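Single-structure report; data block below.
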Amino acid sequence: MNIPFFTSILIRLVLALLGIAFYTLIERKFLGYFHLRKGPNKVGIMGLPQPFADAIKLFVKEQAKPTPSNQTPFLFAPTIGLILALIIWVIYPHSHQSFFLQFSVLYFLCVSRINVYTTFLAGWRSNSKYALLGALRGVAQTISYEVSISLILLRALIILTTIDFTKISQIS
């Protein structure tokens, strides 16, 4: 069965979002037990509809927008950040992969580096000097983490002699 390219990507993104939602539910349940309080068990049976209730609340809730900000770029920056984070899931290697990207590690590095600009854009477009300073601090922190993770990844790539995540997952 040959699934079209964009349909395959859309299915992966929806499954990734559902997976993240239920991992968050599990985390909240464990944190509730660790702190000796009830976790998210109120919605439905064992709290299973809780991620869907959270998603509905997220989309229905009123958005806070700073009045002096440039509205379009201010709202555009988090959207681009989410899109970039979801695009990285496309190269995740698994047994039923619909397409292969030969230089998937380089793709991962490039897309994850672009995400720094969304942090800066959100702080800059809020037209607040404190938000801009916070965004600059976030960018500096992200870049310092990226340098260290790139060096760690480079060491692994030298040992494995490949830059394809699919081949890396088959070796290990």
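What to note about this one:
- Mean shadow area of segment 101-172, taken as a quarter of the surface of its Cα convex hull (nm²): 5.2
- Over the chain, Cα pairs under 8 Å with separation of 6+ residues give a relative contact order of 21 percent.
- Surface composition of the chain: carbon and sulfur atoms hold 72% of the protein heavy-atom accessible area at a 1.4 Å probe.
- Remark: the chain is approximated by an ellipsoid whose semi-axes, taken from the C-alpha gyration tensor as √(5λ), come to 30, 27, 18 Å, largest first.
- Spatially proximal lysines relative to Lys38 (Cα-Cα < 28 Å; intrachain offsets below 8 disregarded): Lys29, Lys57, Lys61
- The chain: most fluctuating residue of Thr119, Thr142, Thr24 per GNM, C-alpha cutoff 10 Å: Thr24
- With θ taken as phi - 60° and the Karplus curve 6.51 cos²θ - 1.76 cosθ + 1.60 applied, the whole-hertz 3J(HN,Hα) list for segment 51-61 is x, 6, 5, 5, 5, 4, 4, 5, 7, 8, 4 Hz, x standing for glycine and proline.
- Unit charges at the beta carbon, dipole of the chain: most positive-side option, Phe34, Trp89, Ile114: Phe34
- Surface exposure of segment 8-48, expressed per residue as accessible area with a 1.4 Å probe, stands at 75 Å².
The values are calculated or read from the model by the stated rules, or taken from the named source; none is laboratory data. Everything numeric in this text was worked out from a predicted model, so none of it was measured. Positions of Cβ are backbone-derived with ideal geometry, glycine not excepted, and every protein chain shown enters the neighbour counts. Protein only, heavy atoms only, side chains kept; ligands, DNA and RNA dropped before computing areas. Shrake-Rupley method; radii C 1.70, N 1.55, O 1.52, S 1.80 Å.
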